[in-house]
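Read the structure below first, then the notes.
The values are calculated or read from the model by the stated rules, or taken from the named source; none is laboratory data. Quantities reported herein were computed from a predicted structural model and do not represent experimental measurements. Cβ placement follows ideal geometry from the backbone for every residue including glycine, while neighbour counts extend to all protein chains displayed.
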Amino acid sequence: MLTPFTFYIWSMAFLSVFVSLFWVIVNSTIKQHGNRLVEIKDYPLVTIAIPAWNEEKSIVSTLECILNLDYPKDKMQIIVIDDNSKDDTFAVTKKFISKNKNIQLLRHNNNKGKAGAMNTALRYAKGEFFWVYDADSYASKELLKNLVCKFYEEDNEKVGAVVAITLIKNHGNWVEKMQRLEYVMTAFMRKLTGSTDTLHTTNALSLFRTKVIRSINGFDEGNLTEDFEIAMRMRSRGYRIVMCEKGNFYTKVPNKIKNMWLQRVRWFRGFIQNTLKYKKMAFNKQFGLLGLFQIPLEIFVLLTLFFSIALFGYHIFGEIINLVSMIYITGYNFFDYFILPSFNQFLLELNWRLLFPSLVVLCSALYLYIEAHRYVGEKWRFYIPSLLYLFVYPLFRSMQWIHAASLEIFGAKKKW
């Protein structure tokens, strides 16, 4: 007999495979652009804004990376905004720019956050384009040229921002390696959403059209995820966000579970807040596939996640109650529950009604996982962090969503 729980598992597996197949088809039909970029004879001025808070250890290497970019030096306006750092960021930066006069250093007397720092830089920006450059990141040498060329390639005034492929620069312990796999998958999904014009997020080292950012009143100060909010605001005003697939930037990720947990909870709270803020875009045909497919899909996945956690929690609780009943009522030996069955018993006791759809979903995930590595040009390897990412991290991530949703429900203070 097909129980409601089994029916739910089959339904979710069917929907997961359906969505996966959609992206597989999209991936197979994307026509890759040639390696030759649009030729630009006279590169435009780009303002490079570097918000810095307690970055004394990384700010010099960041500035050196920018100065070594393959871009005309007279077409780069570099602005460092020290957001009232508690360490020696200001002094270290001031010493460095004493030998590099083309770098401008600004300082806040009070901490205004990343969005506030970028708005300060925006007031001084002279460039046609505005490049947000995180102080703990570095770009491949050709990235800025490629980002600028992407605007000219699209030749569309409605392109408000270009997003680069994001990878991590520190992958020493298993926490970092697990995040590496997450970033690879994220880059691949941005490629797919970019190809269907449903990309609606920006990140560190995104390049913006300056007049567009000014026309929509800059970045939202106080927002937990200002990069997601500015992207949603641009999309709500009819601007597009496109993906640059040539050149990468590398960012530092948390190397401890606690720091990663807090970062993800902040991201997820920002997603919830800004999705509610721009809820009018959902199921709105004015925004094409973004409004009719991508945003509704993300909302559905999130609601399904919460329902699944409740359902699985109820199911597991029921199993625990049954086990306790067997121990205390029928005298069942607790340790007999953990006796390893023979191989034949193991096969006979498998619930194929639940296992089969799970295996189908896993195969779909593995295919996309391998394709994602191929996309970013990294060799796919199946090792322990891969197992953690596939089988443990989803549970970990679910708990982070529960934490984020709880903080939102109870109106917890916003913390970066």
Inset, instruction - With the condition kept exactly as written, say whether any residue in region 90-97 is aliphatic (A, V, I, L, M) and closer than 30 Å to Arg209 by Cβ. - result: yes
Legend entry - Hey, Arg214 closer than 19 Å to Gln273 by Cβ and basic (Lys, Arg) or not: no
Inset, instruction - Report whether or not Gly270 is in a loop (DSSP other than H, G, I, E, B) and out of contact with any strand residue (DSSP E or B) (no Cβ under 8 Å at 6 or more places or on another chain). - result: no
Inset, instruction - Give the residue, chosen from Ser308, Ser364, Ser325, that is of a type outside the set (A, V, I, L, M), assigned by TED's automatic domain parsing to the domain that holds His403, at pLDDT 75 or above and out of contact with any Leu (no Cβ under 8 Å at 6 or more places or on another chain). - result: Ser308
Inset, instruction - Taking the options Lys73, Lys57, Lys86, name whichever one is at pLDDT below 95 and in contact with a helix residue (DSSP H, G or I) (Cβ under 8 Å, 6 or more places away or on another chain). - result: Lys73
Legend entry - Filter result (within 20 Å of the chain's Cα centre (by Cα), small (Gly, Ala, Ser) and closer than 15 Å to Phe391 by Cα) within region 357-380: Ala365
Inset, instruction - Look through region 170-224, keep the residues that are in contact with a strand residue (DSSP E or B) (Cβ under 7 Å, 6 or more places away or on another chain) and among the small types (Gly, Ala, Ser), and return whichever of them is nearest to Arg266 (Cα to Cα). - result: Ala204
Legend entry - Among the residues listed as Arg374, Arg397, the single one being among the basic types (Lys, Arg) and touching a residue at least 40 places away in the same chain (Cβ under 8 Å): Arg397
Inset, instruction - Determine the pairs where a residue that is part of a strand (DSSP E or B), located within region 232-252, has a partner that is aromatic (Phe, Trp, Tyr) with Cβ atoms under 9 Å apart, the partner being 6 or more residues away or on another chain. - result: Val242/Phe151; Glu245/Tyr375; Phe249/Tyr133; Phe249/Tyr138; Tyr250/Tyr138; Thr251/Tyr138; Thr251/Tyr183
Legend entry - Restricting region 89-117 to residues that are of a type in the set (D, E, K, R) and either exposed (fewer than 15 other Cβ atoms within 10 Å of the Cβ) or farther than 14 Å from Leu63 by Cβ (or both), the residue that is modelled with the lowest pLDDT: Lys101
Inset, instruction - Identify, from the list Thr193, Thr202, the residue that is at negative phi and surrounded by fewer than 23 Cβ atoms within 10 Å (Cβ to Cβ). - result: Thr193
